[in-house]
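The values are calculated or read from the model by the stated rules, or taken from the named source; none is laboratory data. In this text, all values refer to a predicted model and were calculated from it rather than measured experimentally. So basically every Cβ, Gly included, is an ideal-geometry build from the backbone, and we count neighbours across all protein chains shown.
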Amino acid sequence: MLKTISVSIPRFFTTPRYRNGLDSRVIKREYSLASQEPKEPKKPLFIYTVSTVVPSELTSDDYCKIAERSSISFSPMKKIQFKVYYDFFSGRKFPTGSGGFFYYHTPDNAPLFAGGIRFRVTPSEDPQTFQDGFDLLNVAGLPWEMPNWQLVLDNNLHEWGKKLDKAAVIRPGALQLCKKLLHSKKVVTYPPAQPFIWSFRQPFPMMVGKIPTRIWVVNEEKLSSITLYPEIVSWFGGRKPKHKRYAHVCFDKEGDDLVLKLVTRPQKLADKMTYPEGYTTSGFTYRPRTRMFYAEEALEIIKNFAYRQPQGS
């Protein structure tokens, strides 16, 4: 539909020199009312909802198909909604075939603070196939997880964490202990790329090349941080590969000596790395101090770990 409206012309353009035949300071212009019609509202994003994260209580309605998305909108509770990312920093998408269930995982033979939300990829929407599935892995090749530390520090997850705590899905006192340890070192922001290590033989990722790796080490009384230099994951190609590749390492004891062990190498770079899988060194190097953290304090925690994971776990 077209409508005629009046448009005023500035006086400058109505002078004899510029009006060029315009006998009035008013001209008529036609425009379409279509531009004034309200636009159709955007379709709302699909929000994944789950009723539980307890494996034995899952239903087919809790099934989530998250493949090929860098993030999903997630609502485990009424009036609470937040985004879940596969890898926040890189923006990488959840892998193809990622369909399954969010669930709460408590590791065996672990301190009170250990545990978190994982994602189990299953062959179908039937929760009976949960045991036939496998845990989704992150970009570093270890289980993707929103740990208790994140439930405490992430404002979006905090209320959900409290609900899981109240429902005894999380072990009583676990989140309170996390909060106490974090506050003891004034940690107020969750560090997603920095794992929390509490056991001998607990694997953690190190990027192949010459990039230092910062980790947190913790027991039920103390929390500290240490930055490790990457000699054990060095390779023959320079500072770092074109694409990020991760090796897995762990701390262990050989007699009275604390050692760093190379557990696995990335398949595509295995023949280009300096050391073989299984290589151990007590001469690993580290940054003596990082802000308020002293390496000696962290090493003391590591040497006295009360837990040792099974070989190959």
**Prompt:** Restricting attention to the stretch 252-259, does a residue exist that is farther than 21 Å from GLN311 by Cβ and touching a strand residue (DSSP E or B) at 6+ places or on another chain (Cβ under 9 Å)?
**Reply:** no
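Yes or no, residue by residue, for (1) assigned to a strand (DSSP E or B); (2) outside the structural domain of THR264 (by TED's automatic domain parsing); (3) under 22 Å from LEU182 (Cβ atoms):
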{"residue": "SER75", "(1), (2), (3)": "yes, yes, no"}
{"residue": "TYR104", "(1), (2), (3)": "yes, yes, yes"}
{"residue": "PRO111", "(1), (2), (3)": "no, yes, yes"}
{"residue": "PRO123", "(1), (2), (3)": "no, yes, no"}
{"residue": "GLY141", "(1), (2), (3)": "no, yes, no"}
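Would it be correct to say that PHE94 is touching a Phe, Trp or Tyr at 6+ places or on another chain (Cβ under 9 Å), assigned to a loop (DSSP other than H, G, I, E, B) and aromatic (Phe, Trp, Tyr)?
Yes: the conditions hold for PHE94.
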**Message:** Suppose we filter ASP23, ASP62 for residues that are among the acidic types (Asp, Glu) and either at pLDDT 70 or above or in contact with a Gly (Cβ under 7 Å, 6 or more places away or on another chain) (or both); which single one remains?
**Reply:** ASP62
**Request:** For the stretch 52-94, enumerate the residues that are within 14 Å of ARG118 (Cα to Cα), within 14 Å of the chain's Cα centre (by Cα) and among the aliphatic types (A, V, I, L, M).
**Result:** VAL84
**Prompt:** Of all residues in the stretch 274-313 being touching a Phe, Trp or Tyr at 6+ places or on another chain (Cβ under 8 Å) and in a loop (DSSP other than H, G, I, E, B), which is surrounded by the fewest Cβ atoms within 10 Å (Cβ to Cβ)?
**Reply:** PRO288
**Asked** Which members of the stretch 228-261 meet the condition of being assigned to a strand (DSSP E or B), of a type outside the set (A, V, I, L, M, F, W, C) and more than 24 Å from LEU137 (Cα to Cα)?
**Response** LYS253, GLU254, ASP257
**Selected residue (criterion: surrounded by the fewest Cβ atoms within 10 Å (Cβ to Cβ)) from residues of the stretch 218-249 that are touching a residue at least 12 places away in the same chain (Cβ under 8 Å) and of a type in the set (Lys, Arg)** = ARG239
